[in-house]
Structure formats: C-alpha cells, structure tokens
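Student: Please find one structure pasted underneath; my questions will follow.
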Amino acid sequence: MTIDYLIKPGGKLTGRIRVPGDKSISHRSVMLGSLAQGTTAVTGLLEGEDVLSTLAAFRAMGVAAEGPSGGRLVIHGVGLRGLKAPAHPLDMGNSGTAMRLMAGILAGQPFDTELTGDSSLTKRPMGRAADPLRTMGAALTTSEGGRPPLKIKGGVKLRGIDYRLPVASAQVKSCLLFAGLYAEGETAVTEPAPTRDHTERMLRGFGYRVQTRGARVSLHGGGTLTAGNIDVPADISSATFFLVGASIAPGSDLVIEHVGINPTRTGVLNILKLMGANLELLNPREVGGEPVADIRVRAASLHGIRIPEDQVPLAIDEFPALFIAAACAEGETVLTGAHELRVKESDRIAVMAQGLQQLGIDARETADGIIIKGGRLQGGEINSHGDHRIAMAFAMAGLVASGPVTVRDCKNVDTSFPGFVELAARTGLAIQTVKN
Ligand code: S3P
C-alpha cells in the first residue's frame, strides 16, 4: 500500500498544538535506558517507526520494556554488559541514526550482530562510522562502498582513539562515544562544527563523566550508567513544518508547545528570523537537562537570504521545509556548504529542486546547496521519494499554491511524525490521505 497526500490551497494555521517527541532524544533514551543499571521511565517518547526499530533491537537483545503507549515507556536496564545475542539480524528500518549509533554500541559486545535496513537506508554511507570504529579495534564489515548491511564481530577489545571528524556529524560523534564506553582508555572526538549534543547531555544525565573542551568531547571506558527518568521535549524538527506553514499562510497564528530549543538544534529559528519570520519564544524553561519553550509563530512576509554556513549543521534536518519558505520569500535564497543533504533519507537537494520546479519555482541545484528564487507556487504533483521530511514540507507548500498539490509516497512520515495529517488538519491545513 502507498499513501499520498492531497492538499487544497487556502487556509491558515491557528491554535495551540504539541508535536511528537524529539527523535534524537527518543533514540538515545531507549539506548541509554537499556544499557543503564535500574529502571528508566520515559515520557513524551516519539512512537515513530525509527524509534520503534531501536526499541525492537534492544528487546531482541533481552531488554524488557513496558510500552510505549501515550509516549510512556518503562525500560528495565540490563547494564552495559548485560545484552544478549539476538537470534536474527537487527532491522533498523529507515533510520540512519539507529544504525550508526547502534554500530558503536554493538562493536563493544561479546557476540556477533548484523544491522540491516530498508531500501533508503541500505544506500546510505556507513563508512564514516565503520572506519573510525575499526581504528578502535572493532571488527566489522560493510557492503560495497561502505553501505549496509553492517556485520559486527563480537568479543574484540576496543581501545580509545582521538578522532577528528571529517564531516560534522552528531551520529558519528555519538557512535564513537558509545563505543568508547566499552574501550580501554580515553575516546575523544573533535568536530569541525558544533552538532547536536544530546548524547553528551544524556550520558551526563545518566551519571557518566563526559568532558567537553571547545570542539573536543571525551570520555573514559569502564564506567556505569545509572537509570533516571526522561521527559522528552517536542521535536523542533517536526515543529519546523508548522513554523514554515504558519509563516507563509496569511492570517496564521499558532503556538507550538514544549519544543526542545537546545542551541545545537535551533538553526531553523535563526534562519527563519533572518528571513523575516515572526517567531516568539514563550516561557523558556529547562526540562531534564534540555531547554524547552513554547513557540508562537505568526504569518510574515519573508525575504530571501544567503544562509550562513555555520547554521547548516544546526538546521540539517530542517532544509526541506526551509526551501518551501524560500520559495515563498521575496528574492533569492542561497544555500552553500550543505553537501550532507545529499546523503539523508533521500538526496534532499535533488528531490527538493525537482519538486519546487514541478510547482513552477526557479530552483537550481549546486554541488553543495541550492539557489531558490521566490515566486508564486502552482499546484501539481510531487514525488517525495519516500522521504518523510520532503512529504511534510510539500504538504505545507499546499497552503499557498494556486491549485491543489498531490504528494506521492508519504508512508514514511510515520518514521518521525505519526499523526501528522490529523494534527495538520486540526490547525487548518486542508489535507487528505489517499491510500492506493
Ligand atoms: C541525528 C543527527 C543528524 C540528523 C539526524 C539525527 C542524531 O545526522 O540528520 O536526523 O540523532 O544524532 P548527522 O549527524 O549524520 O548529520
């Protein structure tokens, strides 16, 4: 079965909503909760397919957990050395995060494992994680060109390394820090630009000593993780579709509650503000070591900008939606330094350029970015290429198109945003699902 979205133009986004839990924090909650000593109670967990893949993997390795239901999950940790050999390969579905972070954990186990994924994930580069893991002494093989499946041999001795990341990647940083929990001595990672720091924050929350000195993060192997409770904030990456939708649809006035505003994730707010968006952070507070706020967004006239390159890693998942904002802005928006977008769930530069052109917008790909001239969006048909964020971005474009927009292949929206259609419809988007 495939799922398409049909969006009728017009409408504005209003009211108060809460979007599902943060995907990065939810993955890490399941991982650290499983590896901790004691019981971890999680609230606000994202019950998307990606996180469920991670949970299924730990259950297959002997971890008992109740839920998830209504965002609640109780995990009975088995300790860093308590996992058991799974009876079958672990299927990470669509999730690059799950595969790369799990690779770090599994490299330190006494048993063999294999990590597989869906047709999108099996095209994505794993060498960036596998290569430094090998330097740590891990024994793992990938398929041709560093692609999945990943076969990881157990029972090897890991030793710490001092690694300089060639690309800014929180996934690779986290993978190596997780392997470092099992390694002899110090494991250190230096990043070329700041990336999301949830792993560091959460390890500390679980009582593990992690040092951060400028761009270098390090820890020593051999410690223990102590279970605690986790309140997962709403995902700013999911909120982004509504921030863009409300910015471009005249008359919109929307509040999105309890959104994680960790400074390593707020590139989207900075970029939208530079474009002239009307955003207000209400009631900023801290919840379980992560800053959160309610965000009020009202319609505004946006203008094109040159996106500062230092914002790229801080908004890496938000570009499909930001490109829709750029298409509705006056003037040209130029993105550079974003080659990473080509190796996400789809080649997001190529797929977004194609889709925007389909809707009559002048969008030109460059090697590491895109140039978008704002204009009037027409109706039309878009292929999301099975990429959840492309699907949701074009759904919001439908608000201001001159005719209906059909978005094909939207099933994977469930990987990160279950209930998107219902929530979007409740705020005022005229969206319908068509099952084929
Ligand atoms: C993530 C890191 C990012 C992001 C992904 C989630 C994480 O990937 O795109 O959706 O949870 O660590 P990279 O760090 O590879 O850019």
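Student: Check each of the trypsin sites (Lys or Arg not before Pro) in the stretch 96-168 and keep only those in coil by DSSP with at most 12 other C-beta atoms within 10 angstrom; list them in order. Walk me through the numbers before you get to the answer.
Tutor: On the way: sites: ARG100, LYS123, ARG128, ARG134, LYS151, LYS153, LYS157, ARG159, ARG164; in loops: LYS157.
The qualifying sites are LYS157.
Student: Further question on the same structure: Considering only SER95, SER119, SER24, give the residue with the highest GNM mean-square fluctuation for the chain, with springs between Cα atoms whenever their separation is below 10 Å.
Tutor: In this elastic network of the chain, the residue with the biggest mean-square fluctuation among SER95, SER119, SER24 is SER119.
Student: Among GLY145, PRO194, THR54, which residue has its Cα positioned farthest towards the positive end of the charge dipole of the stretch 23-231, with +1 placed on the Cβ of Lys and Arg, -1 on the Cβ of Asp and Glu, and the dipole taken about the Cα centre?
Tutor: So the residue furthest toward the plus end is PRO194.
Student: Shifting gears a bit: Please report the carbon-and-sulfur percent of the accessible area for the stretch 23-231; probe 1.4 Å, protein heavy atoms only, DNA, RNA and ligands left out. Spell out each step's value before the answer.
Tutor: Values: 3830 of 7630 Å².
About 50 percent, which is the carbon plus sulfur part of the accessible surface.
Student: Can you grab the distance from the C-alpha centre of the stretch 21-78 to the C-alpha centre of the stretch 142-188, Å, no decimals?
Tutor: The distance from the Cα centre of the stretch 21-78 to that of the stretch 142-188 comes to 22 Å.
Student: Based on alpha-carbon centroids, what's the gap between the stretch 354-392 and the stretch 201-243 in Å, whole number please?
Tutor: So the two Cα centres are separated by 34 Å.
Student: To continue, here is another question. With only alpha-carbon atoms counted, please give the Rg and Dmax of the chain, in Å.
Tutor: Calculated on Cα positions, Rg and Dmax stand at 21.0, 61 Å.
Student: Turning to a different aspect of this structure: Keeping every protein chain present and rolling a 1.4 Å probe, give me the accessible area per residue for the chain in Å².
Tutor: Numbers: 15400 Å² over 436 residues.
Here the residues of the chain average 35 Å² of exposed surface.
Student: Name the residue, out of GLU47, GLU318, GLU330, whose mean-square fluctuation peaks in a Gaussian network model built on the chain with Cα pairs under 10 Å.
Tutor: Comparing GLU47, GLU318, GLU330 in the GNM, the peak value goes to GLU330.
Student: Given only helices, namely DSSP H runs of n ≥ 4 each adding -39500 (n - 2.57), what is the per-residue ellipticity at 222 nm of the chain, to the nearest 500 deg cm²/dmol?
Tutor: -8500 deg cm²/dmol
Student: Among GLY180, GLY146, GLY33, determine the one that fluctuates most according to a GNM of the chain built with springs between C-alpha atoms less than 10 Å apart.
Tutor: Ranking GLY180, GLY146, GLY33 by mean-square fluctuation puts GLY146 first.
Student: OK, next. Is there a quick way to get the dipole size of the chain? I mean about its Cα centre, with the Cβ of Lys and Arg at +1 and of Asp and Glu at -1; what is the value in debye to the nearest 20? Intermediate values should be presented prior to the final figure.
Tutor: On the way: 45 positive and 43 negative charges, 101 e Å.
Using only the charged Cβ atoms, the result is roughly 480 debye.
Student: Please name which of CYS328, HIS388, SER346 has its Cα lying farthest along the dipole of the stretch 295-436 towards the positive end, using unit charges on Cβ (Lys, Arg +1; Asp, Glu -1) and the Cα centre as origin.
Tutor: It is CYS328, whose Cα lies furthest towards the positive end.
The values are calculated or read from the model by the stated rules, or taken from the named source; none is laboratory data. Note that the structure is predicted; figures quoted are calculated from it, not measured. When we count neighbours, we look across all protein chains shown, and the Cβ atoms used for this are built from the backbone with ideal geometry, even at glycine. To get the accessible areas, we keep the full protein, side chains included, count just its heavy atoms, and leave off ligands, DNA and RNA. Shrake-Rupley method; radii C 1.70, N 1.55, O 1.52, S 1.80 Å.
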